[in-house]
Amino acid sequence: VHAPVTVTVTGAAGQIGYALLFRVASGQLLGPETPVKLRLLEIPQAVKAAEGTAMELDDCAFPLLKGIDISDDARQAFDGVNVALLVGARPRTKGMERGDLLEANGGIFGPQGEAINAGAADDVRVLVVGNPANTNALIAKAHAPDVPADRFTAMTRLDHNRALSQLAAKTGAAVDEITKLTIWGNHSATQYPDIFHAEIGGKNAAEVVNDEAWLADEFIPTVAKRGAAIIEARGASSAASAANAAIDHVHDWVLGTPEGDWTSAGLVSDGSYGVPEGLVSSFPVVSRNGSWEIVQGLEINDFSQQRIDASVQELVEERDTVTSLGLI
Ligand code: NAX
């Protein structure tokens, strides 16, 4: 049995927090051998609700759960943290421009980055879920100069899982027969789900589908706009599926991705595939020995390149906005 791992969840009283915490405490994040200590970070008005969730966590009597602390202070919540799940964010409200949204979130992710820099464990791994996730991760990273940049990641795993499910439905394949799908770019409507390197039972997925109109007019927009479709149907945004994707992301990061497959994650670019260095963009990734690596050497066709470029351009604009606002 391993030493307990400290997992901090921000926005713990929110809907994703509620879907996430029980799975972390039951061992689905880090495996059945690893005890966890939970730290819940909330804003003062939501601390009471977080306490209610903590009561329910107690009532599960999870054998792996070795303690729960609740705080509205980022320094306390991130002291000694090993895994930081940054879920709480400022949502876009009516009349808010993109710049206002980035600024409001800069006020959250800047100080959280500082608190991680000040107190996190040496092996800290950070996953940003709260939107705009890529640029929030960029802001947090910029405020944590002593933490290696590759520890800051943004979640595109939900997009990846959505793409797997849509491709399975189209082809009649089982989701676990599909490998090597990629989400490129920003976790936004410009994201690009790429099936040109994907395989279905070992056959090239684009050849199996053989329908570029479906790809351009159905698959890509369905995956990219799935979040809006869920809101329309459920009257609330994706929560359990988002929590599931966060579990998948950290699980694979810590425990590794399977041989012969890859997944998608927003990582700080090293310049791979022409994505400007330093941007947090989604790539095809594997995890080896506890670190993400970008899958290299894929040939990108014109159809894909155009779409990757458009999403990366959006990330450049977001970065330029937060730079001009003095947030990074
Ligand atoms: P909720 O509004 O249910 O919960 C957010 C919680 O964060 C609230 O309890 C709020 O009090 C808390 N919070 C706000 N500011 C905070 C701060 N400074 N420190 C700590 N806690 C703070 O939203 P929920 O549905 O849980 O979604 C959370 C975030 O995930 C949103 O930004 C949402 O847009 C984003 N999503 C990202 C996804 C992704 O794939 N990357 C998909 C799902 C989701 O839309």
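Laid out as a table, the results:
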| item | result |
| --- | --- |
| Every residue from region 126-165 that is touching a Lys or Arg at 6+ places or on another chain (Cβ under 7 Å), within 14 Å of the ligand (Cβ to nearest atom) and among the charged types (D, E, K, R) | Arg162 |
| Some residue of region 309-319 being more than 24 Å from Leu101 (Cβ to Cβ) and open to solvent by 10 Å² or more (accessible area, probe 1.4 Å) | no |
| Extreme residue, farthest from Leu40 (Cα to Cα), among residues of region 94-108 that are touching a helix residue (DSSP H, G or I) at 6+ places or on another chain (Cβ under 7 Å) and either acidic (Asp, Glu) or open to solvent by less than 20 Å² (accessible area, probe 1.4 Å) (or both) | Leu102 |
| Verdict on Pro91 being surrounded by fewer than 24 Cβ atoms within 10 Å (Cβ to Cβ), within 8 Å of the ligand (Cβ to nearest atom) and in a loop (DSSP other than H, G, I, E, B) | yes |
| Enumeration of residues in region 109-125 that are near the ligand (Cβ under 9 Å from one of its atoms), open to solvent by 10 Å² or more (accessible area, probe 1.4 Å) and either among the hydroxyl-bearing types (Ser, Thr, Tyr) or free of Cβ contacts under 8 Å to residues at least 40 places away in the same chain (or both) | Pro111 |
| Cross-chain or 6+ apart pairs with Cβ under 8 Å, region 214-239 first and away from the ligand (no atom under 16 Å from the Cβ), then assigned to a loop (DSSP other than H, G, I, E, B) and open to solvent by less than 40 Å² (accessible area, probe 1.4 Å) | Leu215/Ile195; Phe219/Ile195 |
| Helices (runs of 4 or more DSSP H) within region 213-324 that include 1 or more residues closer than 27 Å to Ala19 by Cα | 220-224, 226-234, 240-255 |
| Subset of region 55-80 (residues that are in a helix (DSSP H, G or I) and crowded, with 18+ Cβ neighbours inside 10 Å) | Leu57, Ala74, Ala77 |
| All positions within region 153-210 that are part of a helix (DSSP H, G or I), under 23 Å from the mean Cα position of the chain (by Cα) and not hydrophobic (A, V, I, L, M, F, W, C) | Arg157, Asp159, His160, Asn161, Arg162, Ser165, Gln166, Asp176 |
| Check on Ile43, touching a residue at least 12 places away in the same chain (Cβ under 8 Å), in contact with a helix residue (DSSP H, G or I) (Cβ under 7 Å, 6 or more places away or on another chain) and within 16 Å of the ligand (Cβ to nearest atom) | no |
| Every residue from region 6-37 that is away from the ligand (no atom under 14 Å from the Cβ) and open to solvent by less than 30 Å² (accessible area, probe 1.4 Å) | Thr6, Val7, Val24, Ala25, Gly27, Leu29, Leu30, Gly31, Thr34, Pro35, Val36 |
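Per-residue answers, yes or no, for (1) exposed (fewer than 15 other Cβ atoms within 10 Å of the Cβ); (2) hydroxyl-bearing (Ser, Thr, Tyr); (3) at negative phi:
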| position | (1), (2), (3) |
| --- | --- |
| Val209 | no, no, yes |
| Arg226 | no, no, yes |
| Gly256 | yes, no, no |
| Ser264 | no, yes, yes |
| Gly274 | yes, no, no |
| Ser304 | no, yes, yes |
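The values are calculated or read from the model by the stated rules, or taken from the named source; none is laboratory data. Please read all numbers here as calculations on a predicted model, not as lab measurements. Glycine gets a Cβ as well: all are built from the backbone with ideal geometry, and neighbour counts include every protein chain shown. Remember, those area values only see protein heavy atoms, side chains included, never the ligands or the DNA or RNA. Shrake-Rupley method; radii C 1.70, N 1.55, O 1.52, S 1.80 Å.
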